[in-house]
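Scroll down for the structure; my scribbles are underneath it.
Computed from the coordinates by the stated procedures, all read-outs in this text should not be read as laboratory data. Here the structure is a predicted model, which means the values were calculated and not measured. Using ideal geometry, Cβ is built from the backbone for each residue, glycine included, and neighbour counts are taken over all protein chains shown.
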Amino acid sequence: DAGVIQSPRHEVTEMGQEVTLRCKPISGHDYLFWYRQTVMRGLELLIYFNNNVPIDDSGMPEDRFSAKMPNASFSTLKIQPSEPRDSAVYFCASSLVGGGYSGNTIYFGEGSWLTVV
Amino acid sequence: AQKITQTQPGMFVQEKEAVTLDCTYDTSDQSYGLFWYKQPSSGEMIFLIYQGSYDEQNATEGRYSLNFQKARKSANLVISASQLGDSAMYFCAMSSNTGKLIFGQGTTLQVKP
């Protein structure tokens with residue numbers, strides 16, 4: 001089975017440009033998560049979806065960030081305009097169910113390494 | 001509010017010895033899940049072990065075991081017979097009954113030959 005697929009793996013962009021990160025969750029998984037990882041702030045949950053509906057976006061840093069999940073097999077995280085402080089690794093993850101249920105393994109993609117110069 | 005705390009920024013262990021990585025959590029949920037992930041220097045997040053809040057027995061997966069003490073709200077990871085390949089960052093995480101998954105700050109483990 002294919003795991004969580006993220007693209008691009010690496011992106012270098014100039015400040016002010018729009019960045020779109022993409023994620024394909026594991027088929028059949030109802031939950032999708034977007035995380036940002038930096039040395040200073042660790043792994044931050046930005047937003048998560050259940051059945052394509054955003055449940056909690058309280059971690060989205062500011063209006064420059066937006067996320068969508070138009071269908072069960074695709075999600076995007078967009079940064080517009082990008083700034084150097086957005087440089088980080090962005091992870092997408094998916095799980096079959098939520099909460100403390102047996103077998104609730106959450107799988108991560110390989111991450112998108114973003115550098116804004 | 002939910003919170004995960006890992007108080008050990010860095011740990012050292014001698015090869016072949018056991019090591020315990022600490023994790024405490026705070027939640028008002030009755031149903032929740034606890035996870036440990038490994039992140040090697042290559043950056044991927046590798047799932048290690050899962051413990052459900054209603055599971056009565058401690059979870060084990062090979063050399064990994066989770067020491068779950070519900071009353072103390074702790075979920076420590078025990079790695080037995082450490083190997084050089086265990087050197088990595090380890091994250092404790094918790095999922096709520098709404099599905100939200102949050103992470104601790106991580107512990108860097110270095111295994112000495």
> Restricting to lysine pairs 8 or more places apart or on different chains, what number in chain B have Cα atoms under 30 Å apart?
Replying inline: 14
>> Considering just Cα atoms, how many Å³ per residue does the convex hull of chain B enclose?
In response: 94
>> Looking only at the protein assembly as shown, where both bridge partners belong to it, what percent of the DSSP beta bridges are antiparallel (to the nearest 5)?
In response: 90
> What residues qualify as long-range amide H neighbours of B:ALA88, i.e. H under 5 Å apart, gap of 5 or more or another chain, H built at 1.01 Å from N?
Replying inline: B:LEU109
>> Starting from the 7 Å offset along Cα-to-Cβ, what nm value, one decimal, do you get for the label separation of B:SER80 and B:GLU61?
In response: 1.7
>> At 25 °C and a viscosity of 0.890 mPa s, what translational diffusion coefficient does Stokes-Einstein give for the stretch A:11-117, taking Rh as the Kirkwood radius over Cα pairs? Give it in µm²/s as a whole number.
In response: 175
> Under the Karplus relation 6.51 cos²θ - 1.76 cosθ + 1.60, θ = phi - 60°, what is the ordered set of whole-Hz ³J(HN,Hα) values for the stretch B:42-56, x standing for Gly and Pro?
Replying inline: 6, x, 6, 9, 10, 5, 10, 7, 9, 9, x, 5, 9, 6, 7
> Taking every DSSP beta bridge that has both residues in chain B, what percent is antiparallel when rounded to the nearest 5?
Replying inline: 85
> Hey, rough spin-label estimate for A:MET40 and B:THR108, points 7 angstrom out along Cα→Cβ, what's it come to in nanometres?
Replying inline: 1.8
> Of A:ILE106, A:ILE79, A:ILE55, how do they rank once you tally other Cβ atoms within 10 Å and put the fewest first?
Replying inline: A:ILE55, A:ILE79, A:ILE106
> Counting alpha carbon pairs within less than 8 Å and at least 6 residues apart, what relative contact order, in whole percent, applies to chain B?
Replying inline: 37
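Between B:ALA71 and B:PHE47, how high is the FRET efficiency from 1/(1 + (r/R0)^6) when r is the Cβ-Cβ distance and R₀ = 22 Å? Nearest 0.05. It would help to have the intermediate numbers written out before the result.
Details: r = 26 Å, r/R0 = 1.19.
Between B:ALA71 and B:PHE47 the formula returns 0.25.
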